[in-house]
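Accompanying notes for the structure given below.
Just so it is clear, none of the values below were taken in a lab; they were calculated from the coordinates. Just so we're clear, the structure is a prediction, and the values are computed from it rather than from any experiment. Every residue, glycine among them, receives a Cβ derived from its backbone with ideal geometry; neighbour counts consider all protein chains shown.
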Amino acid sequence: MPVLSPSLLSADFGCLARELAALEEAGLSWVHWDVMDGMFVPNITIGPAVIASCRKDTNLFFDVHLMVERPGRFIGQFVDAGADLICVHAEAETHLERTVSEIARLGARSAVALNPHTPLAMVEYLLPQLYMVLVMGVNPGFGGQKFIPFCLEKTRRLKEMIIAQDAATLIEIDGGVTLENASSLSAAGADILVSGSAFFAFPPYRQRHEAFMAAVAKQ
Ligand code: DX5
Ligand code: ZN
């Protein structure tokens, strides 16, 4: 059964502490932070200071997605802010192996994100050391977009690659995840499903979480 990691991009940024408390109260264990720098993606969101200010009030697992150019510059700041997992984009880092090694060295779980067009080959040699690979289901930058259909087959092929290497790497699907496609994404190999608009637009959160879990159970 996959974990649901709600993307705060679709939450109320005016009361993040209350949103985090509501997620925890509703039984969620992960939360997805979308960090955007306006360069790697045409949008700007939050930085390490916001994450640090929320860290002390919640035990949720902070799944931090850096949509940032040259993210290696900021790993230390996000670890210090309380990130449990740091995901960097393969397209944004020249020395990707060095950056994912640094994430692990500093004590966080390491992950690499792939934009829809980016081949799985970009992570083939990194799988044994990666905690997770994030498969983007949309072009990054905004919530509320439609899932790109070929990303389902891409997920299946990534799962095959992980099995072939006898690796323990988890798969996260991020972007365009809905109640309607959650089951097929899970069957394709997703271990974590990120949902922003299809989750936060349908409170109460406990019932929405249960609806996602029920949808996946129908596999
Ligand atoms: C997009 C972000 C996603 C997004 C998901 O760049 O990485 O996490 O917020 O939102 P939905 O589920 O609405 O596509
Ligand atoms: Zn994301």
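Take every Cα pair under 8 Å whose residues are at least 6 apart in sequence, average their separation, divide by the length of region 1-77, and the relative contact order is 34 percent. Between Cys54, Cys87, Cys15, the residue with the greatest mean-square fluctuation in the GNM of the chain (Cα pairs under 10 Å linked by springs) is Cys15.
Based on C-alpha pairs under 8 angstrom that are at least 6 apart in sequence, region 128-177 has a relative contact order of 61 percent.
The relative contact order of the chain comes to 21 percent, based on Cα pairs under 8 Å that sit 6 or more residues apart.
Please give the FRET efficiency for Ser184 paired with Gln129, using the beta carbon to beta carbon distance and R0 = 45 Å, rounded to the nearest 0.05. Present the calculation step by step, with values, prior to reporting the outcome.
Numbers: r = 29 Å, r/R0 = 0.64.
After rounding, the FRET efficiency stands at 0.95.
Of all beta bridges that DSSP places with both ends in region 7-69, some 10 percent have antiparallel geometry. In this calculation the C-beta distance from Phe150 to Ser53 is compared with R0 = 35 Å, giving a FRET efficiency of 0.35. Full extension of the chain between Ala167 and Asp12 gives 52.1 nm of extra length, using 0.36 nm per residue less the Cα-Cα distance. Of all DSSP beta bridges confined to the chain, the antiparallel ones make up roughly 5%.
Work from the charge dipole of the chain (Cβ charges, +1 for Lys and Arg, -1 for Asp and Glu, about the Cα centre) and give the residue of Thr169, Met67, Ala108 farthest towards its positive end. Of the listed residues, the answer is Thr169. Close amide H contacts of Ile171 (hydrogens built in the peptide plane, cut-off under 5 Å, sequence separation of 5 or more or a different chain): Val133, Asp191, Ile192. For the pair Gln207 and Arg73 in one chain, pulling the backbone fully straight at 0.36 nm per residue adds 44.3 nm over the alpha carbon distance.
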